[in-house]
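Worksheet for the structure shown next.
Here, each number is a calculation from the coordinates, and none is a lab measurement. This one's a predicted model, so the numbers in the text were calculated from it and none came from an experiment. Cβ placement follows ideal geometry from the backbone for every residue including glycine, while neighbour counts extend to all protein chains displayed.
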Amino acid sequence: MAKVKTLDDLKKMREQLQSKITLREKSDHPEKMVQIKVSMATCGIASGAKETMNYLIEELDNRAIDAVVTQTGCMGYCHSEPTIEVHVPGTDPVVYGNVDTKKAEEIIAKHIVGGELVDGIIPASYKTANEDDNEK
Amino acid sequence: MAKYNSHILVCGGTGCRASQGEEIVENLKQAVSDNSLESEIQVVRTGCFGFCEKGPIVKMIPDNTFYTQVTPEDAGEIISEHIVKGRKVERLLYTDPENKEQIADSKDMGFYKKQIRIALRNCGFINPENVDEYVARDGYSALGKVLTEMTPEEAIKIIKESGLRGRGGGGFPTGLKWEITNQVENEEKYVVCNADEGDPGAFMDRSILEGDPHSVLEAMAICGYCIGGSHGLIYIRAEYPLAIERLKIAIEQARNLGVLGKNIFGTGFDFDVELRYGAGAFVCGEETSLINSMEGLRGEPNVKPPFPSVSGYKGKPTNVNNVETFANIPVIINNGAEWFSAIGTEKSKGTKVFALAGKINNVGLIEVPMGITLREVIFDIGGGIKDGKKFKAVQTGGPSGGCLTEKHLDIPIDYDNLIAHGSMMGSGGMIVMDEDDCMVSVAKFYLDFTVEESCGKCAPCRVGNKRLYEMLDKITQGKANKEDLSILRNLGNVIKDTSLCGLGQTSPNPVLSTMDNFADEYEAHVKDGKCPAGQCKDLMEYVISAETCVGCTLCSRVCPVDAISGDKKQAHVIDTVTCIKCGACMEKCKFNAISIQ
């Protein structure tokens, strides 16, 4: 370990080490940042959700976007895997289907950065039977 | 540097380790490598999460899933379900005791909602054995800031303005203590960290040292700069092996990093820390006894003044602060006095760590803002009383504190309020009692502890406490008379007024406060020869109801002293002379035929 000789040394060292725990700090208040859930059930994994997820994590990091990428179970859209749910703070969550790395890039560039929705949204009319009952 | 998608934090505090926490870490690592996920998943052993009742705790990052009571066998499932398939392992989630709903995120649990973690900020968050993670959390930046940008007086001013008071029990303003030590002229001064946590049921200092040792080292160095000393000593009891081990690692790492040792941050300031082990005597938490013990003398207090600030270790000016006090320092320097003093009450700023123990649902370590009420602590955070029983009293401040009751539940907790109501903050132990606890026996229990721990130097404490104990013993046997009660109170007050150190000055508190708050219970013992809570063995008898007993013979078979007689299908009888009142028969009886009278 290199010795810290000045306060600047320490600051530099902290910047380098920051990434070790940013994930933990982010997870303390995820509601303040972009949250992406990747559906990672058997259907998702078979369709390449793992690659999508890894790409998302890397690309968001490259662009220095504060985001938390978590995995979740099957959302029920097995026909359109990999599916991801994108939740930008202050807006409604949006579900995208058939998200390969190319689509993921588009979602980051246009939806997350630009704030405009892109093709591939799975219609959000997916209220569950229970919710319907409650409304009645 | 490897970048992980997911961190798995496993509690590595003494409590969770005792429940196979180490095996859980090993098994998780194994399961991660079985799934070839080493490059994506990091398993981290952290300090205490505080929710010891539900330990061992495993927390998943980034989705913040909080798994409770995990066993080593669960490791495989956590990886294959949660990590690989994205499904939470529901049987390991916390269930809200009230609405029976499962809560995945710790932030939504009643236990955590009202907490503000300042002293415990890194406990359960970083790996205490890795200085890199501490640095990433702004570690040692407060020391750097103080050394390069401030004079000692400026730094002391921040601590004074923050309103921080000693967390070990006395509540003396920390900044003022530093200032006094700073003003004493001497070339050699010492910084001492008091880690001799002696209150039964208190474990906040241990948890801080186990979970975030660097914060204490950093604060000690800051203190050294402020008072003008370059030697730090941590007095820690040898009964804390894990805390000692982590401290040793932390000191080594800090030296390698250059934040301990010579010429720190190139400013010419030298500071180093040594460990001193105590044998675990309660009196050594008192600062003059502690210093005597560190010098190799008997752990006995000295008359104050002179205070250690003037003449302490080796006769040199010495600043003694408690672990939790130190843990607050770096954050105060980084965030400013105003930030800190915005939390808490008028005279007690910031937060306090409490160790919840006794008949409470959520046993564990909590950090709450000063001014919170006992009701919030016991019922909202602590989850109420075990087995749905009725709350009776809470002992705050350990053996030196007093019992507070139902009528005190809504007073805001701070140093002065607790003293005004006959108790004290102490180091922050909170032992909760329910309707089944006999308050005379509780007072006797604490006296038993102080009699054992009295160093014997002064007569009021050595002899007086022993006499107090004997009188309480007499009361619990039903042999005391009314006069004894007034002698008990009188003697208690004399011991408080005449003892040499804090131990004797506070040891009668449990007796006096229970006498004040539970006078009827004392009277019942003395006048009627009854123990209302049914705890004092000499004052009770087990009786079998002839109507309810069906003569199943279960009780007579389980009785260890053959005190129960009766034929099959006939009502049984207990011979009260032979009976040792163990209660085994009552536990065994399926017909509720046995009662205490």
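Details
- Separation of the alpha carbons by more than 30 angstrom is noted, of B:Lys114/B:Lys389; B:Lys114/B:Lys588; B:Lys157/B:Lys352; B:Lys457/B:Lys530; A:Lys11/B:Lys114; A:Lys37/B:Lys386, for B:Lys114/B:Lys588; B:Lys457/B:Lys530; A:Lys11/B:Lys114; A:Lys37/B:Lys386.
- Residue-averaged 222 nm ellipticity for chain B, from DSSP H runs of 4+ at -39500 (n - 2.57), nearest 500: -10000 deg cm²/dmol
- With a simple spin-label model that places each label point 7 Å from the Cα along the Cα-to-Cβ direction, the separation between B:Asn334 and B:Asp410 comes to 3.9 nm.
- Sorted by Cβ neighbour density within 10 Å, fewest at the top, the residues A:Glu85, B:Glu149: B:Glu149, A:Glu85
- B:Glu452/B:Glu346 FRET efficiency (R0 35 Å; Cβ-Cβ; nearest 0.05): 0.35
- Close amide H partners of B:Lys392, meaning residues 5 or more places away or on another chain with modelled amide H under 5 Å apart, are B:Met433, B:Asp434, B:Glu435.
- Within the protein assembly as shown, percent of DSSP bridges classed antiparallel, to nearest 5: 55
- Chain B, relative contact order [Cα under 8 Å, separation at least 6], %: 11
- Relative exposure of B:Lys177, B:Lys482, B:Lys88, judged by other C-beta atoms within 10 Å (fewest first): B:Lys482, B:Lys88, B:Lys177
- Multiplying the residue separation of B:Cys579 and B:Asp105 by 0.36 nm and subtracting their alpha-carbon distance yields 165.5 nm.
- Over chain A, DSSP H runs of length four or greater, each weighted -39,500 (n - 2.57), average out per residue to a 222 nm ellipticity of -11000 deg cm²/dmol.
- Members of B:Lys160/B:Lys347; B:Lys359/B:Lys479; A:Lys103/B:Lys85; A:Lys20/B:Lys29; A:Lys50/B:Lys113 lying beyond 24 Å, as alpha-carbon distances in this model show: B:Lys359/B:Lys479; A:Lys50/B:Lys113
- Percent RCO, i.e. relative contact order, over the stretch B:131-340, from Cα pairs under 8 Å lying at least 6 residues apart: 30
- Chain A - Cys residues lacking any other Cys C-beta under 4.7 Å: A:Cys74
- Under 14 Å from the A:Glu51 label point (7 Å along Cα→beta-carbon), backbone N, the stretch B:6-48: none
- Rough spin-label spacing in nm, given labels placed 7 Å along Cα→Cβ, for B:Lys389 and B:Phe172: 3.9
- Note on B:Asp520 and B:Glu154: with the Förster distance fixed at 45 Å, the Cβ-Cβ geometry gives a FRET efficiency of about 0.20.
- Contour excess over end-to-end distance, with Cα ends at B:Ala546 and B:Arg375 and 0.36 nm allotted per residue: 57.2 nm
- By definition, a body whose alpha carbon gyration tensor gives a ≥ b ≥ c is oblate when a/c is 1.5 or more and a/b is not larger than b/c, and the protein assembly as shown fits this oblate description.
- Using alpha carbons only: equivalent-ellipsoid semi-axes of the stretch B:1-123, gyration tensor based, whole Å: 22, 16, 14
- Label sites at B:Glu90 and B:Lys482, each approximated as a point 7 angstrom past Cα along Cα to Cβ, lie 6.5 nm apart.
- Taking N as the residue count of chain B, its C-alpha radius of gyration divided by 2.2 N^0.38 Å amounts to 1.07.
- Sequence of B:Val303, B:Val368, B:Val323, B:Val550 once ranked by neighbouring C-beta atoms within 10 Å, starting from the fewest: B:Val303, B:Val550, B:Val368, B:Val323
- Looking at chain A alone, DSSP beta bridges between its own residues are antiparallel in about 55 percent of cases.
- Relative contact order of chain A, defined on C-alpha pairs under 8 angstrom at six or more residues apart (%): 23
- The stretch between B:Glu73 and B:Asp497 holds 147.0 nm of extra length on full extension. This uses 0.36 nm per residue minus the Cα-Cα distance.
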